[in-house]
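The values are calculated or read from the model by the stated rules, or taken from the named source; none is laboratory data. None of the values given here were measured: they were computed from a predicted structure. Using ideal geometry, Cβ is built from the backbone for each residue, glycine included, and neighbour counts are taken over all protein chains shown.
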């Protein structure tokens, strides 16, 4: 009897597997009117025998923590089986129900309007198409694990397709994804981009450059390889066999978004021949490439498998993004693009930025991570007073944690060891880490308790103890503003059509206390009509704490006189110097911390 039961179960399972294997999902993307910014999508499904099928479009793109409602760009949605139109209805903001009546196969056609050029959104024009998959492809509900193929039909005159997806042999511009997580993680560039490649860490890297620019591809091949090599060295292995950089070179480019075996970078096309521009691009490469490990594989437990319908909350973006921001500078140092002095000055500058952000005393790094969905991507004029970036705060937490670990172990271990161990853990378990697991690993590597550290810097808003941590490496740091009674107004301004308007008011500043408002038009200060001086806050030059500035402003069309009494600046100005005496332990800690 038991043998019969087992045999029956096996037969049922084999039937289920056979049914699943018979289901085929394929897409064809073409461009009939690229000048009007449309992509035409056809989805073909066979073997899915049901009365109706619900198909969905994701509402967000992993790596960019904001619900973007991609379905808003969909037009002309229709479905058919054979030559017969199928009944359908939209049942949710991102879900269509198609009444297939057990048809052996059916197809769905729709158009996507794509005119937002960023690393996370799709863009189509007469020169190229960039397809960010979460905003292009629908999928059958509850079938995330299903494989699919994608065929790209380039517009006339376009000749190239760049993507990290695996090509289908013998089929031009056709690619396969083993599941929708992979498809949604594989951006696609279509057009006439310049393509070159290089080898590094045993992996072939393809670089697709759209938009031209004054870059030197031979130089980039060498220097990008250095970045790849240094990051791979931290983890001891590179998880890919191929990798694709899609680079959008525009007049004012910026930003990046990580993917499983590719990335999309925004660069300013004419900045490659300046030291700042070139190093800025390499820093972006370092940041996004490091995400191959930190985020894509070494990840918080909430970030995969993904729920594409809703927000995916985590308190650990200060690790996922903040530590990546921290490591981009360490990689630039180790690859030889930053000197030790420049590295230290860069980190001290980043530390000053966090210290001088009023919101850092209001919002913790953990809360900033959790609230990314409603705050980070939706800033307003008061954001600097009420919140802190998990990028910038996480970068400084990474630095402090690194120094604490390295000092506690007298230069034998560092944050590198934590990251490597957590990567190995996630690889072994096949799932992300919890808050507690990451903290436990830090304590295991360092040999000390980090409960107080977490209470101060992760879940709390404790002031940064910069003198303590930089003292670990023999650097004395003082606040150059300490005891000087530097006057402070506390506004930033913007010029619009020749008028100077207040853009932000800092919490507890003189302007805050005495009632200057955002959007006030500044007519005069002490009877003098401003030119550009207010924007540089030069109105306080020659003034003392306690002096009163007489502002005449126009608010909602009504002129007002507001007197503002200058306060002492709350901002610190960190001034570093080498300690008069540096111990052998401090030298060893600095050497290990830098990784030189």
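Would it be correct to say that residue 388 is within 21 Å of residue 455 (Cα to Cα), in a loop (DSSP other than H, G, I, E, B) and either modelled with pLDDT of 95 or more or within 21 Å of the chain's Cα centre (by Cα) (or both)?
Working: within 21 Å of residue 455 (Cα to Cα): yes; in a loop (DSSP other than H, G, I, E, B): yes; either modelled with pLDDT of 95 or more or within 21 Å of the chain's Cα centre (by Cα) (or both): yes.
The answer is yes for residue 388.
Could you check, for the range 363-379, whether at least one of its residues is at pLDDT 95 or above, over 21 Å from the mean Cα position of the chain (by Cα) and in the same structural domain as residue 321 (by TED's automatic domain parsing)? Checked the range 363-379: no residue is at pLDDT 95 or above, over 21 Å from the mean Cα position of the chain (by Cα) and in the same structural domain as residue 321 (by TED's automatic domain parsing).
Taking the range 405-416 as the range and being surrounded by fewer than 20 Cβ atoms within 10 Å (Cβ to Cβ) and part of a helix (DSSP H, G or I) as the test, only 408 passes. If the condition is being under 15 Å from the mean Cα position of the chain (by Cα) and outside any helix (DSSP H, G or I), then the range 268-296 contributes 291, 292, 293, 294, 295, 296.
Summed over the range 102-113, residues that are touching a helix residue (DSSP H, G or I) at 6+ places or on another chain (Cβ under 7 Å) and either surrounded by fewer than 19 Cβ atoms within 10 Å (Cβ to Cβ) or assigned to a loop (DSSP other than H, G, I, E, B) (or both) total 1.
From the list 43, 78, 1, 57, the one residue that fits, being outside the structural domain of residue 142 (by TED's automatic domain parsing) and either modelled with pLDDT of 95 or more or out of contact with any helix residue (DSSP H, G or I) (no Cβ under 7 Å at 6 or more places or on another chain) (or both), is 1. A residue that is modelled with pLDDT under 95, more than 23 Å from residue 134 (Cβ to Cβ) and in a loop (DSSP other than H, G, I, E, B) occurs nowhere in the range 86-99. Please determine, by comparing only the residues of the range 65-101 that are out of contact with any strand residue (DSSP E or B) (no Cβ under 6 Å at 6 or more places or on another chain) and buried (at least 20 other Cβ atoms within 10 Å of the Cβ), which one is farthest from residue 146 (Cα to Cα). Applying the filter and picking the extreme gives 65. From the list 518, 539, 522, 553, the lone residue that is out of contact with any helix residue (DSSP H, G or I) (no Cβ under 8 Å at 6 or more places or on another chain), assigned to a strand (DSSP E or B) and in contact (Cβ under 8 Å) with a residue 12 or more places away in the chain is 553. Scanning the range 557-596 for residues that are surrounded by 14 or more Cβ atoms within 10 Å (Cβ to Cβ), touching a helix residue (DSSP H, G or I) at 6+ places or on another chain (Cβ under 9 Å) and within 17 Å of residue 516 (Cβ to Cβ) gives 562, 564, 566, 567, 570. Of all the numbered requirements in (1) surrounded by 21 or more Cβ atoms within 10 Å (Cβ to Cβ); (2) under 29 Å from residue 473 (Cα atoms), residue 368 misses one, and that requirement is (2).
Tell me, which strands (runs of 3 or more DSSP E) lie completely within the range 119-200 with 3 or more residues that are touching a strand residue (DSSP E or B) at 6+ places or on another chain (Cβ under 8 Å), in contact (Cβ under 8 Å) with a residue 24 or more places away in the chain and over 20 Å from residue 255 (Cβ atoms)? Let's see the steps before the verdict.
Working: elements: 129-131, 148-152, 160-163, 174-177, 188-191, 194-200.
Where strands (runs of 3 or more DSSP E) fall fully within the range 119-200 and carry at least 3 residues being touching a strand residue (DSSP E or B) at 6+ places or on another chain (Cβ under 8 Å), in contact (Cβ under 8 Å) with a residue 24 or more places away in the chain and over 20 Å from residue 255 (Cβ atoms), they are 148-152, 174-177, 194-200.
The residues in the range 486-499 that are more than 33 Å from the chain's Cα centre (by Cα) and either part of a strand (DSSP E or B) or loosely packed, with under 13 Cβ neighbours inside 10 Å (or both) can be counted, and the count is 5.
I'm trying to understand the selection: among the residues of the range 201-232, which are surrounded by fewer than 16 Cβ atoms within 10 Å (Cβ to Cβ), more than 16 Å from residue 261 (Cα to Cα) and in contact (Cβ under 8 Å) with a residue 40 or more places away in the chain? Hits for the range 201-232 are 212, 214, 216. Inspection of the range 262-278 identifies at least one residue that is out of contact with any helix residue (DSSP H, G or I) (no Cβ under 9 Å at 6 or more places or on another chain) and under 22 Å from residue 183 (Cβ atoms). Only residues that are in a helix (DSSP H, G or I), out of contact with any strand residue (DSSP E or B) (no Cβ under 7 Å at 6 or more places or on another chain) and either assigned by TED's automatic domain parsing to the domain that holds residue 553 or farther than 22 Å from residue 435 by Cβ (or both) were counted across the range 451-468, and they come to 1. Checked against (1) in a loop (DSSP other than H, G, I, E, B); (2) surrounded by fewer than 20 Cβ atoms within 10 Å (Cβ to Cβ), residue 253 passes all but a single condition, namely (2).
For the range 427-436, enumerate the residues that are under 21 Å from residue 370 (Cβ atoms) and either surrounded by fewer than 16 Cβ atoms within 10 Å (Cβ to Cβ) or out of contact with any helix residue (DSSP H, G or I) (no Cβ under 9 Å at 6 or more places or on another chain) (or both). Write out each step before concluding.
At the first step, the residues of the range 427-436 found to be under 21 Å from residue 370 (Cβ atoms) are 431-436.
Selection gives 431, 434, 436.
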